[in-house]
Amino acid sequence: MIEKRRPVLTYVVLSIFLLLVITPFLWMILGSIKTQGELLRVPPTWWPEEPTLDNFRRLFERPFARYFTNSTVVAVVVTAGNLLMSSMFGYALAHLRFPGKRILFATVLACLMIPGLVTFIPQYVLVVNMGLANTIPALILPFLVQPFSVFLMRQFFLGIPRELQEAGRLDGVGEIAIFFRIYMPLAVPAFATLGILTFLGSWNNFLWPLVVSSSESTYTLPVALALISTGQNETDYGLLLAGATLIVAPILVVFLFFQRHFIQGIAATGIK
Amino acid sequence: MTRSPHITRRALVGLGAAGTLGVLTACGRDESGGGPAEPAEPIAEGPATGSLTVWAMGAEGEKLPELLASFEEANPDVSIEVTPVPWDSAHDKFTSAIAAGTAPDVAQVGSTWMAEFVSLDALEPTPESIATDDYFAGALEGVTVEDTVYGVPWYVETRVVYYRTDLAEQAGITEPPTDWDGLVALAQAYQEQAGATWGISLQPGGQGSWQTVLPLMWSNGGQVVDEAGAQFTFESAQNEEALAYYQSYFTDGIANPAPAEGVTEQDFVSGDVPMFISGPWMMSAVEAVGGEGFADKYGVFVMPAAETSSSFLGGANLGVFQGTQNRDAAWKLVQHLSMPEVQVEWFGLSTDLPSLQQAWEDESVSSNEKFEVFRTQLDTALAPPVVATWEQVASKFDAQIEEVCKNDLAPAEALATTQSEAQGIGTGV
């Protein structure tokens, strides 16, 4: 009988957790079609009494497409950079022999351990001195190769046997081809994990774009949303929730697209 | 000081100020800030030319370009780029920019940041050609650091008491109270005779509660910083009495010691809590919730007095940043925004209250009788202490106010703790 009862219990527990996770999410979506008055009402309402698209309409009165493009360009380039370069770096650290490898790896680890806020101002000064303040490249360059990505990819490649490399060499495959044709195809699950984490990190990044951008033309979505929804003394909650809903949508699409690989990737990298 | 491409000492000092970013916890002290500032150079004659960057926050940033059209018309050779900055995070952006030497030419500066920015050597003293005598005294004090004026007040706001006139009548009170006891009496009358759950909505500590408590101390003749702005003076009989008065609202069951967030408007409209203390923006907020005709059901009155009627003066200032490449045009812009007619125009665009007294004579400002109360309050309202470390001290103070309101901590003890914590932080001088 235990075999029969267990799935029920599992589903009950899972459902409770699902409810906990999904409630704020639904609250955001439902809130995005409520009026400010209804959002602030006590006791709160769950279903909107007078659903309205007014929040979205006011959102699109702004140059939303501009912010959206900025966010997308930054997130896509940052993600692509990490996938390509961090995996090359990680592979080198895992399977190639060269002098200073241990020191290099220790440096990567050290970078990983220093909180980003400590290097925030020096990094900003650096970007300004490079003449990049208030440009899109300034939003991309510092994040193009991240220590975490390098570490993740190194750990993943360590799990792929070195024998493949040796076999490749014996068959006369060049070093670059060994990476691109043998190891990279095997790393797809890790790419899915890394891709979604990097994309998410870049998409949601707030403080850096806030400080580096000095005109609306380089603002990303989170910065723009903070700008238009919060005032000196009051917050426009409807607008905030509508904006948050729109910002989350692309993330959901990316996740649904990579879902299968993503879960495999978590499993594969998690075991190591 | 010219802009250097390398990290200057100023930039390093700025690093300290970015402590809010969790970068470093050094204090942003500048040894050169102690002496009197050098007098500002005059502004050149003639129309403004060249390009200017202007940072302004939130709604102000978005509406400012419209206001600048007339300035650009009068000065065809000037080009102005306005950057709207989110309010929430503006302080981070400013301190980073000051550290990196990329501050704008002109910017809207939050009223509690003045002393901090001056201590970072970030702001220019105001040239004498810009008259400052027509500003509200409290507002002018807010831009004055160690006897030198930096920038000008741009717009102001102050806090008054909002009350339900219809329910007050029901409770047998037709005249708004003018003293501390009268406010308590009205609040109790609401509870006893008008079915209110709580007599008044007050913040039982937490972020920003000092903005209500400090005016009560001022009202009672107390101060938290000495005249020179060098020493904290939290411990005094006047301050203790004021804090005890505030505490009594919670211990006597007149104010809710555990209110929900963001329900002030709702409770006001429903009559559950028919009184609160806040700024001019709440007029449109309660009227939006209350619907048509609600404007006739409530009124505002100036803060009740012990010795004086005192309130918190907020708003924002305009500052010109050190290292601007276009100083003359920057000050000309500030001068333009400080003309009464431009302030009236700005009031029309933004509903921000003018900082110049003359601008209040315009009919569009003076026609609303509730604004008259704000106008009266502005005469006596005071800006928060112009101390570089004020934001840090205030957050310690807020925490103690919470202990007093929620956990029955003795006011004297709370003030002693605040005083020693404030001394530990220092005034940044």
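Considering only region B:296-323, how many residues are in a loop (DSSP other than H, G, I, E, B), at pLDDT 90 or above and either crowded, with 19+ Cβ neighbours inside 10 Å or of a type in the set (D, E) (or both)? Working first, answer last.
Of the residues in region B:296-323, the ones in a loop (DSSP other than H, G, I, E, B) are B:297, B:302-304, B:306-311, B:322-323.
If we keep only those that are at pLDDT 90 or above as well, we get B:297, B:302-304, B:306-311, B:322.
Then keep just the ones that are either crowded, with 19+ Cβ neighbours inside 10 Å or of a type in the set (D, E) (or both); that gives B:302-304, B:306-307, B:309-311, B:322.
The number of residues fulfilling the criteria is 9.
Total residues in region B:216-268 satisfying the condition of being farther than 30 Å from A:Y237 by Cβ and part of a loop (DSSP other than H, G, I, E, B): the figure is 17. Annotation: B:L67 fulfils all but one of (1) in contact with a strand residue (DSSP E or B) (Cβ under 7 Å, 6 or more places away or on another chain); (2) modelled with pLDDT of 85 or more; (3) surrounded by 19 or more Cβ atoms within 10 Å (Cβ to Cβ); the unmet one is (1).
Could you pull out the residue among B:D179, B:D121 that is under 19 Å from B:I277 (Cβ atoms) and among the acidic types (D, E)? Break it down stepwise before answering.
Working: B:D121 fails: under 19 Å from B:I277 (Cβ atoms).
After applying the criteria, what remains is B:D179.
Being within 18 Å of B:A107 (Cβ to Cβ) and more than 8 Å from chain B (Cβ to nearest Cβ) is the filter here; which residues of region A:219-256 pass it? The one that is within 18 Å of B:A107 (Cβ to Cβ) and more than 8 Å from chain B (Cβ to nearest Cβ): A:Y219. Going through (1) in a helix (DSSP H, G or I); (2) in contact with an Asp or Glu (Cβ under 9 Å, 6 or more places away or on another chain) one by one, B:L409 falls short only on (1).
For region A:83-92, indicate whether the set of residues that are in a loop (DSSP other than H, G, I, E, B) and more than 25 Å from A:N205 (Cβ to Cβ) is non-empty. Step through it out loud before you land on a result.
If we filter region A:83-92 for residues that are in a loop (DSSP other than H, G, I, E, B), which is where we start, we get none.
Looking through region A:83-92, none of the residues is in a loop (DSSP other than H, G, I, E, B) and more than 25 Å from A:N205 (Cβ to Cβ).
Being without any contact (Cβ under 8 Å) to a residue 60 or more places away in the chain and outside the structural domain of B:L183 (by TED's automatic domain parsing) holds for only one residue in B:E287, B:E345, B:E341, and it is B:E341.
Just one of the listed residues (B:V273, B:V302, B:V263) is in contact (Cβ under 8 Å) with a residue 60 or more places away in the chain and within 14 Å of chain A (Cβ to nearest Cβ), namely B:V273. Per the conditions (1) within 14 Å of chain A (Cβ to nearest Cβ); (2) surrounded by 18 or more Cβ atoms within 10 Å (Cβ to Cβ), the sole criterion not satisfied by B:E81 is (2).
Inspect region A:29-51 for any residue being aromatic (F, W, Y) and surrounded by 14 or more Cβ atoms within 10 Å (Cβ to Cβ) and give the result as yes or no. Write out each step before concluding.
The first filter runs over region A:29-51 and keeps only residues aromatic (F, W, Y), leaving A:46-47.
With the extra rule that they be surrounded by 14 or more Cβ atoms within 10 Å (Cβ to Cβ), the set shrinks to none.
No, that holds for no residue.
Against the criterion of being away from chain B (no Cβ under 14 Å) and farther than 30 Å from A:A192 by Cα, A:P44 does not qualify.
Residues considered: B:G229, B:G293, B:G222. Of these, the only one that is within 21 Å of the chain's Cα centre (by Cα), at pLDDT below 90 and not polar (S, T, N, Q) is B:G229. Applying the criterion of being crowded, with 23+ Cβ neighbours inside 10 Å and either polar (S, T, N, Q) or without any contact (Cβ under 8 Å) to a residue 60 or more places away in the chain (or both) to the residues of region A:194-209, the residue that is farthest from the other protein chains (Cβ to nearest Cβ) is A:T198. Can you work out which of the residues in region B:98-116 that are farther than 20 Å from B:W331 by Cα and within 11 Å of chain A (Cβ to nearest Cβ) is surrounded by the most Cβ atoms within 10 Å (Cβ to Cβ)? Within region B:98-116, the match that is surrounded by the most Cβ atoms within 10 Å (Cβ to Cβ) is B:A99. Can you find a residue that is outside any loop (DSSP other than H, G, I, E, B), more than 12 Å from chain A (Cβ to nearest Cβ) and either of a type in the set (F, W, Y) or touching a residue at least 40 places away in the same chain (Cβ under 8 Å) (or both) anywhere in region B:42-51? Looking for residues that are outside any loop (DSSP other than H, G, I, E, B), more than 12 Å from chain A (Cβ to nearest Cβ) and either of a type in the set (F, W, Y) or touching a residue at least 40 places away in the same chain (Cβ under 8 Å) (or both), one finds at least one in region B:42-51, hence yes. If you go through region A:144-198 and keep only what is of a type in the set (G, A, S) and either part of a loop (DSSP other than H, G, I, E, B) or farther than 17 Å from A:F89 by Cβ (or both), you end up with A:G159, A:A167, A:G168, A:G172, A:G174, A:A177, A:A187, A:A192. Close contacts from region B:321-338, counting a first residue that is among the charged types (D, E, K, R) and a second that is surrounded by fewer than 24 Cβ atoms within 10 Å (Cβ to Cβ), with Cβ to Cβ under 6 Å and a gap of 6+ residues or different chains, come to B:D328/B:I43; B:D328/B:A44.
Out of all the residues in region B:280-295, which are assigned to a helix (DSSP H, G or I), of a type outside the set (V, I, T), out of contact with any Gly (no Cβ under 9 Å at 6 or more places or on another chain) and within 19 Å of A:E38 (Cα to Cα)?
At the first step, the residues of region B:280-295 found to be assigned to a helix (DSSP H, G or I) are B:281-290, B:294-295.
Retained after the next criterion (residues that are of a type outside the set (V, I, T)): B:281-285, B:287-288, B:290, B:294-295.
Filter once more, so that each one left must be out of contact with any Gly (no Cβ under 9 Å at 6 or more places or on another chain): B:282-285, B:287, B:290, B:294-295.
Residues satisfying the conditions are B:M282, B:M283, B:S284, B:A285, B:E287, B:G290, B:F294.
Looking at (1) within 30 Å of B:F117 (Cα to Cα); (2) touching a residue at least 24 places away in the same chain (Cβ under 8 Å); (3) crowded, with 16+ Cβ neighbours inside 10 Å, which one does B:D147 not meet, given that it meets all the others? Checking B:D147 against (1) within 30 Å of B:F117 (Cα to Cα); (2) touching a residue at least 24 places away in the same chain (Cβ under 8 Å); (3) crowded, with 16+ Cβ neighbours inside 10 Å, the one that fails is (3). Only one of the numbered conditions (1) closer than 15 Å to B:Y245 by Cβ; (2) surrounded by fewer than 19 Cβ atoms within 10 Å (Cβ to Cβ); (3) within 25 Å of the chain's Cα centre (by Cα); (4) of a type in the set (G, A, S) is not met by B:A185, and that is (3).
The values are calculated or read from the model by the stated rules, or taken from the named source; none is laboratory data. Only a predicted model underlies this, so the values are computations on that prediction, with no experimental measurement involved. A quick note on method: Cβ atoms are made from the backbone with ideal geometry, for glycine too, and the neighbour counts reach across all protein chains shown.
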